[in-house]
Amino acid sequence: MSTQPSTLADPDASTTPARRPTPRQLARALITPDRRRARPARQMPMPDSLTEIDVAGTGMLIRQWAPADGATPTGSSMVLVHGWEGSHADMAGFVAPLQAKGFTVLAPDLPAHGGSGGSTATIPQLAMAVAATVAHAARHAGAVQGLIAHSIGCAATAVALLDGADVARVALVSSPVRYLDGARAAAARFAYDAMEWAVFEAELVALGTELHAMNLLHQARELRQPALFIHATDDRVVPIEAGRASAAAWPGARMIEHDGLGHGRILADPAVIAAAVDFVAGSE
């Protein structure tokens, strides 16, 4: 797991160039995930189906799992959303517990990630992908009872919800808070002066990042879904303060903090998995 300073697309991004880039080069790098840095796949049940859907001209893969044998089907679905430079496999630990509760589970490889098409991934692109996954789930697997997201997937989920994605409950793990924070950290890494920052900022906007629009402190106030934030106090990628601030801004949200789980290990922790699953299932 990267421990480099925050970047625009996600604080755990690692695609910033090793040599000092021009502002335009850095802007492009920050929306271009490196698929080679995907974490090793965790053990995951074999999906019942693999579907490719179109998201703004890009093919996106969605895996789907039926309720577990012996479980009473709920007729509802659950969506799992991975983070930057990851894939559906990052969310492996949540699949079987949700199946056991009778839910159909869907997990996409977001655009420019995993086996999906595309080469760039801005928050608007990722939000569109989350919304498309939710709509696909509702059509083919029943209303979306819950969504569990990690890192940049949390930011994309918030935008998708504001745009009307119909999800009853959300659990947000290691959530960043402001898109702009990552951009500033990346620019600081290369000691950009005011003029270079202006070029960098303008290029990010030109690339469709909506640099100043992704601010969970503001967005959360408009959201009414029951929300659970889960964060590690030792997260060196997205500081715990980001999760605390977002949880405080989201009306009625709860916050769970854990020690020693970092930014990536948190997805495999049994207590984290149980808390998220119980919350989105409405059985906590």
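The values are calculated or read from the model by the stated rules, or taken from the named source; none is laboratory data. Note that the structure is predicted; figures quoted are calculated from it, not measured. In this analysis, Cβ positions are derived from the backbone assuming ideal geometry, glycine residues included, and neighbour counts consider all displayed protein chains. We work out accessible area using only protein heavy atoms, side chains counted, and drop any ligands, DNA or RNA first. Shrake-Rupley method; radii C 1.70, N 1.55, O 1.52, S 1.80 Å.
Okay, here's what the table says:
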{"read-out": "Accessible area (Å², per residue) of the range 115-183, counting only protein heavy atoms and a probe of 1.4 Å", "value": "26 Å²"}
{"read-out": "List 217, 98, ordered by accessible area with a 1.4 Å probe, largest first", "value": "217, 98"}
{"read-out": "Under the span-like rule (Cα at least 15 Å along the axis, Kyte-Doolittle mean at least 1.6), DSSP H helices of the chain", "value": "152-162, 270-281"}
{"read-out": "Label of the coordinate-derived value, mean projected area of the Cα convex hull in nm², listed as (1) 22.5; (2) 16.6; (3) 13.3", "value": "(3)"}
{"read-out": "Residue-span extension gain [residue 25 to residue 244] - 0.36 nm each, minus C-alpha spacing", "value": "75.5 nm"}
{"read-out": "Net dipole in debye of the chain [+1 Lys, Arg Cβ; -1 Asp, Glu Cβ; about Cα centre; nearest 20]", "value": "280 debye"}
{"read-out": "Alpha-carbon gyration tensor eigenvalues x 5, square-rooted, for the range 117-189, Å", "value": "25, 14, 9"}
{"read-out": "Cα-based shape type of the range 152-271, given that a ≥ b ≥ c are square roots of the gyration tensor eigenvalues and the cut on a/c is 1.5", "value": "oblate"}
{"read-out": "Residue 204 - accessible surface, heavy atoms, 1.4 Å probe, Å² rounded to 10", "value": "0 Å²"}
{"read-out": "Within the range 151-165, backbone nitrogen closer than 17 Å to the virtual label 7 Å beyond the Cα of residue 224 toward Cβ", "value": "161-165"}
{"read-out": "Under 11 Å, Cβ to Cβ, from residue 240 - net charge with Lys/Arg +1 and Asp/Glu -1", "value": "-3"}
{"read-out": "Value at 222 nm in deg cm²/dmol, rounded to 500, when DSSP H runs of n ≥ 4 in the chain each add -39,500 (n - 2.57)", "value": "-10500 deg cm²/dmol"}
{"read-out": "Heavy atoms of residue 244: accessible area, 1.4 Å probe, square angstrom to 10", "value": "100 Å²"}
{"read-out": "Length added when fully stretched, residue 196-residue 265, from 0.36 nm per residue minus Cα-Cα", "value": "21.2 nm"}
{"read-out": "Counting DSSP beta bridges with both ends in the range 152-284, the antiparallel % (nearest 5)", "value": "10 percent"}
{"read-out": "Förster radius 45 Å - calculated FRET efficiency between residue 283 and residue 233, Cβ distance, rounded to 0.05", "value": "0.95"}
{"read-out": "Projected-area average for the range 230-284 over all orientations - Cα convex hull basis, square nanometres", "value": "3.7 nm²"}
